[in-house]
Amino acid sequence: MKLSEIIEFLNKEVPQDLALSDDNIGLMGHYDLTEEISSIKIFMDLYPQDDNYESNTLIITHHPPLFIPKTPTFTIHSNWDIIKGGANEALADCLNLKVIESFDKNTDIGRICDANLSYKDLKKNILNKFNEFTIVNKPNEDKIIKKIAIISGFGLKNPEYIKLAKKSNLDMIISGDVIQETAIMAINLDLTLIDLGHHNSEVPGLEHLKNIIGKLDVNCEIINKLPMESERNEH
């Protein structure tokens, strides 16, 4: 299948005009659009050492690479966060939460979900999908969590999202990238934050994107590389 045909398909499924105005999306360089593509690799982030594929490969990234890749590379970023059925719905489905509406009405970033679960049951659902999480303002095990904001990726580092969640009478935000300022703000506002990690909270979206690409007759796989590792004292 020609690169141009795949790009046309991707732009139909996840339109570029949905993206935030300052976002860097689409093709990440000048590539031969007539090249036949037989393999697609999906990355969260692309690093120079991974830009080593021979011909007939297309790389799709969620985050824009910080260099110009040699391998044909196409980025789907905020348009994937915004579109209905994209990254946020994938995260909601992963956690067995029902989407009600958009969270940030100005951008359509994030979703408000119905939960109506005890924290104990919600925690079980989360840990069935994610090995661990960080929590701020932990509720009692039997507290009923009614409504939750989910934001794949970066939501917990934005103080305005903490304020918006409180204004919207939500019980919790599930996202990534909590910082000291937003943690303290959430405690003061009696709001619970669950940090899955930026990368981890976006992996369900990559899996859903792979399912969409599965409509094409092209081999596709996710290359899931975490950007950070832990060092531990073994003595």
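Read-outs throughout are calculated quantities, based only on the coordinates presented, and are distinct from any laboratory measurement. All values reported here derive from a predicted model rather than from experimental measurement. As a convention, Cβ positions derive from the backbone with ideal geometry for all residues, glycine included, and neighbour counts pool all protein chains shown.
Couple of notes before you dig in:
- Reachable lysines, given that their alpha-carbon falls under 28 Å from the alpha-carbon of residue 138 and they are not under 8 places away in the same chain: 98, 105, 120, 123, 124, 129, 146, 147, 157, 163, 166, 167
- Using a Förster distance of 35 Å, the FRET efficiency for residue 134-residue 221 (Cβ separation, nearest 0.05): 0.75
- Relative contact order of region 3-81, taken over Cα pairs closer than 8 Å and 6 or more residues apart, is 37 percent.
- According to the Kirkwood relation over distinct C-alpha pairs, the hydrodynamic radius of region 3-81 is 12.6 Å.
- Look at the alpha carbon pairs under 8 Å that are at least 6 residues apart: their mean separation over the length of the chain gives a relative contact order of 19 percent.
- Among 21, 118, a tally of other beta-carbon atoms within 10 Å of each Cβ gives an order, fewest to most, of 21, 118.
- Hydrophobic, long helices, defined as DSSP H runs whose alpha-carbon span along the helix axis is 18 Å or greater and whose mean Kyte-Doolittle value is at least 1.6, do not occur in the chain.
- DSSP-defined antiparallel bridges as percent of all bridges, region 3-81, nearest 5: 20 percent
- For region 183-235, the alpha-carbon radius of gyration amounts to 1.80 times the rule-of-thumb value 2.2 N^0.38 Å expected for a compact globular protein.
- For the options 27, 191, 216, a Gaussian network treatment of the chain with springs between C-alpha atoms closer than 10 Å singles out 216 as fluctuating the most.
- Over region 84-200, the alpha carbon radius of gyration divided by the compact-protein estimate 2.2 N^0.38 Å works out to 0.93.
- Taking the chain as a Gaussian network of alpha-carbon nodes connected by springs under 10 Å, the highest mean-square fluctuation of the residues 184, 223, 37 belongs to 184.
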